[in-house]
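The values are calculated or read from the model by the stated rules, or taken from the named source; none is laboratory data. Computed from a predicted structure; not experimentally measured. Ideal geometry is used to build each Cβ from the backbone, glycine not excepted, and the neighbour counts take in all protein chains shown. Accessible surface is based on the protein model in full, side chains and every heavy atom, while ligands, DNA and RNA are left aside. Shrake-Rupley method; radii C 1.70, N 1.55, O 1.52, S 1.80 Å.
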Amino acid sequence: MRVHQLTLAAVAVAASFALTACQNGDDGAGPSTPSASSAASAPSTASPSGGGSDQGGTKPSPGTGSDGKGTAAGTGSDASGKTGKCRTDELAITAAERTIGGDTDGTVAVTLKNRGTRDCTISGYAGVDLKTASGSLSAQRTGQQADTAVLKKGESTYFGISYPLNTSGGSGVRVTGLVVTPPDETRSVTLAWPGTGTLPVTEGGGSPVKVGPVGSAGQGG
């Protein structure tokens, strides 16, 4: 009888162990996770692409019309058909002695030649300074009315500079160069002085050197 009870107890213990092992096997697997394929198949939400102004689309950049086409840029005076002013870098500037025997004053003629690729206008007085051993000496305008000239490519115009001749017998003031600034320009050119090498020493104010307007020649006019 005792043996029978032990046998039943052993069977009960074995069954308990088997049931526990099954339950542990199921719990060990843990909760299942979604597979990569199921995650990839999830629907995605796409952002709307840029469109018209009601969708916050790109606005035209500055300088463009509402249709997106560029607006024309401003045109220069040459493009509008007007002739621009002669610039210093477009002019070949030379100077030569033109004193006539018997004159009481000396004369230097300055030539301005259009060496550019376009026609240009020139009018007024050029700036004229003589470089001397005593400093710079600015020429005074004669006061003549200046005309406007159109210089075509290769054409020239002139103006005159008059200066006193040194007949005092003294050493005078030595002239070392000539600085010319075309009308309405700020850039200058420096030339060799072609006139008499010295000017007489003068007392008092004012400049003994005179310059005529562009388009004139002779003794300052």
How much net charge surrounds Glu90 when only other residues with a Cβ under 9 Å from its Cβ are counted (Lys, Arg +1; Asp, Glu -1)? +2
Which trypsin sites (Lys or Arg not before Pro) in region 153-210 pass both tests, a DSSP loop state and at most 15 other beta-carbon atoms within 10 Å? Lys153, Arg187
Heavy-atom accessible area with a 1.4 angstrom probe orders Ile161, Ile93, most exposed first, as Ile93, Ile161
So how many Å³ per residue does the convex hull of the Cα atoms of region 119-204 work out to? 120
With every protein chain present, what is the per residue accessible area of region 101-221 (1.4 Å probe, Å²)? 50
